[in-house]
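Every number in this text was worked out from the coordinates using simple rules, so none of it is lab data. Just so we're clear, the structure is a prediction, and the values are computed from it rather than from any experiment. Backbone-built Cβ (ideal geometry, glycine too); neighbour counts: all protein chains shown.
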Amino acid sequence: MTVMEQRGAYRPSPPPAWQPRTDPAPLLPDAAPHRVLGTEAAAETDPALLRRLYAELVRGRRYNAQATALTKQGRLAVYPSSTGQEACEVAAALVLEDRDWLFPSYRDTLAVVARGVDPVQALTLLRGDWHTGYDPREHRVAPLCTPLATQLPHAVGLAHAARLKGDDVVALAMVGDGGTSEGDFHEALNFAAVWQAPVVFLVQNNGFAISVPLAKQTAAPSLAHKAVGYGMPGRLVDGNDAAAVHEVLADAVRHARAGGGPTLVEAITYRVEAHTNADDATRYRGDAEVETWRGHDPIALLEHELTERGLLDEAGVQAARDAAETMAADLRERMNQDPLLDPMDLFAHVYVEPTPQLREQQAQLRAEIQAEREGTH
């Protein structure tokens, strides 16, 4: 039989039936962002939670304003304000248990403070004094992360390790819309889904990665839609609705803690202030756009809900403002004090056991300081 005859006798069988490993439908986000305030669902929300969210939002707005003022006074090198995004910041902090971990980006100072870190310590990195001004293990808050999205793989690693150890721990990682364009974002979500790690990814979509609008970063229907490509649920929420953000994150945390794996949450919000005090936002967006978002202010939304339901009166509003002002005055007073810095602290917390090179450098610096004091340098 010739080769052609052999080929002619070959009858390929049909390919095996293909089925997706996971039904993608339940992973897809809703068509519109989830909302609670101003809907019938608001009546079912715990009034105590709403009052606490309100107090934290008011305190957070004042914290942002005070920190911004400190940059103008030269007390901070830089400050990335989260004004307008306070609902995301506060909900992320309040939704976690004490044993859980928060992984913030550089803009999430408010979330760090709402988690219980001292406001001055939370600003230490932005002051240029330390890489981290607080003890991450004590507060279960990772260092503020300035490289975009590099905190996300760290969150996955911690959550996966906790699960292997049998610890009941969930990690919540915060990132901006610009961070979703980084490779670290892809790697983190891919590993989290494969390992079914107990981690929640909160994307604060505030419209711009510095000056680049979202439309120039991705053609996806939403950032939450990216979740299905990794095999995890995607949720879309109104990021200025504090009750809705808390509800969605609480569901995601429960899902992760129960062994259900990760969730990607996209919160639609807006950066009202400039990217940092060094940014001129008027070069890439108009005042009309900003004013439109001011009309969807997270504090005003929650205050309206509380007053309409008789859960907040003028005295309650003033009490929240007074508490915020007390915090701001304390922050201002302590930040206006020059820090006492010890050059030898450069060698602290680098390694558990200092390397020979580090000990050599430490001795050299100590000798130089001593010579300077004795005037023999």
Looking at the chain as a GNM with Cα springs under 10 Å, which of Ala173, Ala224, Ala31 has the largest mean-square fluctuation? Ala31
Euclidean distance between Cα centres, segment 207-263 to segment 26-82, Å: 16 Å
Report, to one decimal in Å, the Kirkwood hydrodynamic radius for segment 234-377 based on all distinct Cα pairs. 21.6 Å
Value of D in µm² per second that Stokes-Einstein yields for segment 184-236, Kirkwood Rh from Cα pairs, at 20 °C (1.002 mPa s): 177 µm²/s
Nearest-0.05 FRET efficiency for Tyr10 and Glu291, computed from C-beta distance (R0 45 Å): 0.05
Reachable lysines, given that their alpha-carbon falls under 18 Å from the alpha-carbon of Lys226 and they are not under 8 places away in the same chain: Lys216
Please report the relative contact order for segment 226-377, taking Cα pairs under 8 Å with a sequence separation of at least 6, and give it as a percent rounded to a whole number. 16 percent
What are the ³J(HN,Hα) couplings of segment 222-235, residue after residue, when phi is run through the Karplus curve with 6.51, -1.76, 1.60 and θ = phi - 60°? Round to Hz, x for glycine and proline. 7, 5, 5, 5, 5, 4, 4, x, 9, x, 9, x, x, 10
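First obtain the Kirkwood hydrodynamic radius of segment 142-231 from its Cα pairs, then insert it into the Stokes-Einstein equation at 4 °C and 1.567 mPa s, and state the resulting D in µm² per second as a whole number. Mind showing how you got there, number by number?
Numbers: Rh = 13.5 Å.
It comes out at roughly 96 µm²/s.
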Can you list the HN-Hα couplings for segment 289-304, worked out from phi with the Karplus curve (6.51, -1.76, 1.60; θ = phi - 60°), rounded to whole Hz and with x for Gly and Pro? 5, 5, 5, 4, 6, 4, x, 10, 5, x, 5, 4, 4, 6, 4, 4
Test of understanding: in a Gaussian network model of the chain with alpha carbons linked when under 10 Å, which of Ala42, Ala17, Ala258 would top the mean-square fluctuation ranking? Ala17
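All other residues with a Cβ under 9 Å from the Cβ of Pro153 taken together, and with Lys, Arg as +1 and Asp, Glu as -1, what is their net charge? Before the final figure, lay out each step's value.
Numbers: positive: none; negative: Asp184, Glu187.
Net of charged neighbours comes to -2.
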Summing -39500 (n - 2.57) over the DSSP H runs of n ≥ 4 in the chain and dividing by its residue number, what mean residue ellipticity at 222 nm do you reach, to the nearest 500 deg cm²/dmol? -13500 deg cm²/dmol
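If you take every residue apart from Gly207 with its C-beta less than 10 Å away from the C-beta of Gly207, what net charge results, scoring Lys and Arg +1 and Asp and Glu -1? Don't skip to the end; give the middle numbers.
On the way: positive: Arg271, Arg285; negative: Asp177, Glu289.
Overall, the nearby charge balance is 0.
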Rounded to whole Å, √(5λ) for the Cα gyration tensor eigenvalues of the chain, largest first, gives 40, 32, 20
Expected unfolding gain across Glu308-Ala348 under the 0.36 nm per residue rule, minus the alpha-carbon gap, is 9.1 nm
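Please give me the summed charge of the neighbours of Thr326: other residues whose Cβ is under 15 Å from its Cβ, Lys and Arg +1, Asp and Glu -1.
Numbers: positive: Arg59, Arg61, Arg62, Arg321, Arg332, Arg334; negative: Glu56, Asp118, Asp322, Glu325, Asp330, Glu333.
Neighbour charge sum, excluding Thr326 itself: 0.
Contact order normalised by length for the chain, with contacts defined as Cα pairs under 8 Å and 6 or more residues apart; what percent is it? Don't skip to the end; give the middle numbers.
On the way: 590 pairs, mean separation 83.2, N = 377.
Worked out over the chain, it gives 22 percent.
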Taking the Cα centre of each part, how many Å lie between segment 278-329 and segment 330-377? 42 Å
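Which of the peptides 348-358, 156-166, 327-337 is most tightly packed, and how do the rest follow, going by the mean number of other Cβ atoms within 10 Å of each residue? Each step should come with its number before you reach the end.
Working: 348-358: 9.4, 156-166: 17.3, 327-337: 14.5.
Put in order of decreasing packing, that is 156-166, 327-337, 348-358.
Can you figure out the FRET efficiency of Lys72 with Asp338, using R₀ = 22 Å and their beta-carbon distance, to the nearest 0.05?
Computed FRET efficiency for Lys72 and Asp338: 0.80.
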